[in-house]
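A short worksheet on the structure shown next.
The numbers here are math on the coordinates, done by the rules we state, and not lab data. Note that the structure is predicted; figures quoted are calculated from it, not measured. Please note: Cβ atoms are built from the backbone with ideal geometry, for glycine as well, and neighbour counts cover all protein chains shown.
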Amino acid sequence: MEKTVYLTREGFAKLEEELHYLRTTRRHEVAERIRRAKEFTNTVDNAEYDDAKNEQSFVEGKIQSIERMLANAVVIDDKTAPSDYVRLGSRVAVADSDGVEDVYIIVGSAEADPKAGKISNESPIGRSLLGHRVGDTVSVLAPGGSFELVIKAVS
């Protein structure tokens with residue numbers, strides 16, 4: 001059984017768009033590259049042909065990966081009424097013991113982008129925050145050690 005992939009509506013749409021591009025554009029570009037490489041010489045010891053075939057394999061693998069993700073996707077309903085506890089799709093403001101504040105959006109692992117403030121529900125911080133409310137202090141067990149965060153706001 002495949003693992004459930006949690007996606008926002010935006011993330012789902014981006015994956016559908018990428019899949020469409022790979023199927024309709026990229027796949028044809030690589031096929032054309034293979035065709036041109038065959039014209040140069042035979043396929044034995046043809047570096048251009050080998051490189052194009054490797055690229056084709058990569059593109060086809062990416063298509064299959066995205067198809068699996070979309071087939072197992074559960075869209076996070078971020079349009080529902082605001083919740084008073086942290087869940088998938090929540091925007092969470094937290095403060096550490098030094099008073100340094102951060103804001104995170106809890107997303108599925110396929111959309112995680114820590115630089116953009118999007119953390120996975122499977123990450124140590126994301127997992128620790130889920131289910132908690134404003135004012136709660138949560139302990140985070142991370143590879144670099146444990147620390148505490150206080151939840152300041154949830155939206």
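Odds and ends about this structure:
- Extent of segment 91-154 along its three principal axes (Cα atoms, max minus min coordinate, largest first): 29, 25, 21 Å.
- In range of the label at Phe147: residues from segment 103-121 whose backbone nitrogen is under 17 Å from the point 7 Å along Cα→Cβ: 103-105, 114-120
- Our summary gives the chain a relative contact order of 23 percent, counting only alpha carbon pairs under 8 angstrom and 6 or more residues apart.
- A Stokes-Einstein calculation at 10 °C with viscosity 1.306 mPa s, built on the Kirkwood radius of segment 3-110 over Cα pairs, returns a diffusion coefficient of 92 µm²/s.
- Here is how the number arises for the chain: DSSP H runs of 4 or more residues each give -39500 (n - 2.57), the sum is divided by the residue count, and the result at 222 nm is -12000 deg cm²/dmol.
- Between the helical axis of 27-40 and the longest alpha-carbon principal axis of the chain there is an angle of about 30 degrees.
- Between 0 and 90°, nearest 10: helix 9-21 axis offset from the chain longest Cα axis: 10 degrees
- In degrees, nearest ten, helix 47-71 long axis to first principal axis of the chain (Cα): 40 degrees
- Each of Lys118, Lys3, Lys14 was scored by other Cβ atoms within 10 Å of its Cβ. Listed from fewest to most, they are Lys3, Lys14, Lys118.
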